[in-house]
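The structure under discussion appears below in the form of structure tokens.
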Amino acid sequence: MSAASALAALLVLLLIAYAIAVAGLKRQGIELAWHGLGWASAGPTVDYLAIRQTNAGGEWFIELESLRVGWQTAWLPDDVQVADARIAWTPSAKDSVPDTPAELDIAQLPPLPQWLPEHVNIRHFTAALPCPMGRCQLNGNIQTTHDGAGGPLEVHIQLERAAHTAALDLELTRSLDRVGVVGDLVLDGVTRGRVDTAFELDPMRQRWTGLLDISELREAPWLWEWAKEWLTLPDDRLPPQDMTLAANWRLDLPPGPIDVQRLMAANGSAAVRLTVPTPWPVPGVGSLYGRLDTEWSAADGLWLPRRLDADLLLDEPQGDWLKGIPSGMRPSRLGFSARPLPTAAATAPGVLPVKVDVQVYGPTELRVQGDAQVDTANRSLALDNTRLTAKAASIQWGDVTVLGLDMQLAMDAKLDPDRFTATLNKGSRVQTRELGTADASGGLTLERLDLTATPIHVATGFDTGGGLGALTFNGNVSVRTERFVQSALKPQGWRWQGTVQGDLDRQRLQGTLTGDSGIGIQTDITNRAGQGQSIVLQGNELFFRAGNPIRESLAAWPETLTLGNGRLRWNGNLTLAPGRPLTATLVADGSGIAGIYDRFEFEGMDVKATVSIENDRLSITLPAAQVRELNPGLPIGPLHLAGGYAASLDAPTQGSLHWQRAHLRFAQGQFELAPDQWDLARNTGRTHVRMVGLDLAELLRLYPTEGLTGSGTLDGEMPVRFAGKGPIIENGKVTARSLGGVLSFRSERIRALGSTNPGMKLVADALQDFRYRALNSGVDYAEDGTLQLSLRLEGSNPAIEKGRQINFNINLEEDIPALLTSLQLTDRVSETIQRRVQESLQRRNKPAAPATEVTP
């Protein structure tokens, strides 16, 4: 083959290879363009080369001018020179801000490629990249060098801004089992920082060692302004120019990317020495200043200090953790101080004693002071003589308002890999000037709240994953408020003293609740996670001769009801379950109760009652109730009742009243109400009263009418209808028994009328000794209290016309409320009732204020 034929064949092969390469690059979104291709003695040259790559993440565009490539004998480039490079990256909209930070897995870093030139020199480059301001530009130069025999790669990157320079000199090493980085930060020609770190790789672990040293940053002002182009930083503060940082570490990490989780699970040690004399703004954290000198050791994820000496302050804290704190409680400054205690304070070798002081400044001031004992040998931390104090003028947390908070807690605690225990010691106390809540019912207010705990023990274990295991607590608690204000209760002081115990699944409080009124309640409250609360109450037995604490406690207690004798026992329980209506039961048992209600007295009341709430329904059961005597001005009794009441909780006063038994004895007669019910919602109901054996002589004795006496036994039936404000009787009947009786009425007024009227004289004479054989009367009772009797008497007077039969038809009308009022003004009732009647009459008879006439 001739030379011309060989050259032609080579050109054909090159064209085919070029076509294949271009097609492959296009499939990966890469386009090439160039001009000025040449060949020098050292290798090829290109005056201009452009590379564009487009993919889902965005577009890269790189331009190179005056590219010179030197070749080795193995046809690999050993020297690359670029006079000028321009780089631009335009990310796609969805990738402009990465959702998650890129992971750094050291073991996956590839070794240096064999084709990497031994020398690369980009004398000048310009990079246009995205930044918070839109697009920002970097200018500088880059040089890389390596020996081509597996030695370190040396990289020099220098960035330029106006008259200032920032350079990073790196030395990178990579072998099968080790990655190393040594770097220096040089600002305006002065070395200000150095890092020396290495990763030793093993299939079971990776060991990370290193040191970091940052000296004073005199270049901070211009460096800060430059950094603000690329990071979101505050405008009003510059970083301190005299900050120094020195750190070193030696950690064994699980295989995989370097992240917080693996760092927390490390074994090894780390030391930090930091000095920040003036505030350093840390994005997302706040402005930090102070000093820190500490060394920590880690074993299976448990980090414990071996040296700690610090004075740190954080101004204007930032971060998502603040969102969980009410705005009125968010701190404006955090302080942390730690001082090593004398070595003699250590109880064993390897124990680090430290005095710790943590302070929170702001609307709520909080401080924690105590002695910490760090036992690195046993991997445990103990807190002794620790006091937590907190003060706040006002705290608003949702619907809860706290005024004048003063908290003093004394505690000890211990933490080891298996268990955490803490004790709240004697002297622990929480006090508030006022604590209140607001809701649709008006809320509640506790004035001068005082809570003490003596002591409370808390303990928990840890599971294999480091999470909380079973948590238990128990202790004694005392709560006192000088004045408890709630719409259903009268303001007074309350105290609760008892025990608390439980775990994460079940909590229980047992104790005694007492009020200043003298009421006492034994409480047993249990909360079960996800199931709700059950509350059991047992009231202390009440003796009303000594006073009535219920009256002094309940706002709804009727003002006109007073109890002066008897005893009461009661108990109750409530169940509150998520998503289910309230269930409650109250059982009361009273005996010998005596008192006054409105205008009548009662005594000898024995009652048993059960109040239940279930499925949004109210039910009151009265299986047996008895009142020995009622006295509205006339002695009535005994009264026997058995019945109940049922209503919806939405309309508790619009239910149904029912009774199985209602017996009342009056004037030796028995009044019996037939079993029935009364619908209060419709305010209608019908029943009838049966009267048996009313003694007329006893009735006239109880209600004496001048000149009237009599005898006989009366029975009757009276239909009763409930409507409006009271009962109504229509067409009731009263009849004397067949034996009849005697009526004697001697009235001077009637006798005087008879002197001029022969008919009236006959009536007056007959009624002086009237022997009736039949007595019948119709009975009607109106809603306004008017009683009407249509009386018919059949009988005779033996002294008149030899006992000739005489029939009388008499219509009587009586205002029963007025009658009772007149009786209640006598000594038949107590002075209390007499006074109430007189006050009522005075209010009723008080003349209205005269109208005022205004003339324009």
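The values are calculated or read from the model by the stated rules, or taken from the named source; none is laboratory data. Small disclaimer: the values here were computed from a predicted structure and weren't measured. For neighbour counting, all protein chains shown are included, and Cβ atoms are generated from backbone atoms with ideal geometry for every residue, glycine included.
Here are some notes:
- Within the stretch 273-320, the residues that satisfy the criterion of being surrounded by fewer than 16 Cβ atoms within 10 Å (Cβ to Cβ), aliphatic (A, V, I, L, M) and closer than 25 Å to GLY193 by Cβ are VAL282, VAL285.
- Number of positions in the stretch 244-278 that are farther than 17 Å from SER337 by Cβ and assigned to a strand (DSSP E or B): 17
To keep it simple, each residue is scored yes or no on (1) touching an Asp or Glu at 6+ places or on another chain (Cβ under 6 Å); (2) surrounded by 17 or more Cβ atoms within 10 Å (Cβ to Cβ); (3) of a type outside the set (Gly, Ala, Ser).
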position: LEU586; (1), (2), (3): no, yes, yes
position: ASP589; (1), (2), (3): no, no, yes
position: ILE593; (1), (2), (3): no, yes, yes
position: GLU601; (1), (2), (3): no, yes, yes
position: GLU614; (1), (2), (3): no, no, yes
position: THR621; (1), (2), (3): no, no, yes
position: ILE636; (1), (2), (3): no, yes, yes
position: ALA647; (1), (2), (3): no, yes, no
position: ASP650; (1), (2), (3): no, no, yes
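- Among the residues of the stretch 158-192, the one identified as among the small types (Gly, Ala, Ser), farther than 26 Å from TRP224 by Cα and at pLDDT 85 or above is GLY180.
- If you check ALA646, ALA651, ALA667 for being touching a residue at least 24 places away in the same chain (Cβ under 8 Å), at positive phi and not polar (S, T, N, Q), only one passes: ALA667.
- Residues of the stretch 785-804 satisfying the condition of being surrounded by 12 or more Cβ atoms within 10 Å (Cβ to Cβ) and of a type outside the set (S, T, N, Q): GLY785, LEU787, LEU789, LEU791, ARG792, LEU793, GLU794, GLY795, ILE800, GLU801, GLY803
- Counting only strands (runs of 3 or more DSSP E) that fall entirely inside the stretch 621-732 and contain at least 3 residues that are modelled with pLDDT under 90 and within 50 Å of the chain's Cα centre (by Cα), the qualifying elements are 651-666, 676-679.
- Filter result for SER327 (of a type in the set (Gly, Ala, Ser), modelled with pLDDT of 85 or more and farther than 22 Å from ASN248 by Cβ): no
- Residue, surrounded by the fewest Cβ atoms within 10 Å (Cβ to Cβ), within the stretch 805-838, restricted to residues that are part of a helix (DSSP H, G or I) and either β-branched (Val, Ile, Thr) or not assigned by TED's automatic domain parsing to the domain that holds LEU743 (or both): ILE816
- Answer residue from the stretch 559-582, given it is closer than 23 Å to PHE602 by Cα and under 35 Å from the mean Cα position of the chain (by Cα) and is surrounded by the most Cβ atoms within 10 Å (Cβ to Cβ) among those: TRP570
- Some residue of the stretch 432-448 being in contact with a strand residue (DSSP E or B) (Cβ under 8 Å, 6 or more places away or on another chain) and either more than 30 Å from GLY328 (Cα to Cα) or in contact (Cβ under 8 Å) with a residue 60 or more places away in the chain (or both): no
- Scanning the stretch 146-160 for residues that are surrounded by 15 or more Cβ atoms within 10 Å (Cβ to Cβ) and within 18 Å of ALA85 (Cβ to Cβ) turns up VAL155, HIS156, ILE157, GLN158, LEU159.
- Cβ separations smaller than 9 Å between residues 6+ apart or across chains give the following pairs from the stretch 723-734 residues that are more than 16 Å from GLN677 (Cα to Cα) to residues that are in a strand (DSSP E or B) and of a type in the set (Phe, Trp, Tyr): ILE729/TYR781; GLU730/TYR781; GLY732/TYR781.
- The set of residues in the stretch 761-786 that are under 27 Å from ARG751 (Cα atoms), assigned to a strand (DSSP E or B) and hydrophobic (A, V, I, L, M, F, W, C) comprises PHE770, ALA774, LEU775.
- In summary, ASP252 fulfils each of the numbered conditions (1) surrounded by 15 or more Cβ atoms within 10 Å (Cβ to Cβ); (2) under 18 Å from GLY362 (Cα atoms) with the single exception of condition (2).
- Residues within the stretch 287-333 that are closer than 16 Å to VAL360 by Cα, in a strand (DSSP E or B) and not aliphatic (A, V, I, L, M), tallied: 6
- Only one entry of LEU509, LEU586, LEU537 meets the criterion of being of a type in the set (A, V, I, L, M) and more than 30 Å from GLU434 (Cβ to Cβ), and that entry is LEU586.
- Just one of the listed residues (GLN114, GLN158) is part of a loop (DSSP other than H, G, I, E, B) and either out of contact with any helix residue (DSSP H, G or I) (no Cβ under 8 Å at 6 or more places or on another chain) or within 29 Å of LEU67 (Cβ to Cβ) (or both), namely GLN114.
- In the set (1) in contact (Cβ under 8 Å) with a residue 60 or more places away in the chain; (2) under 18 Å from LEU263 (Cβ atoms), SER175 fails one condition alone, (2).
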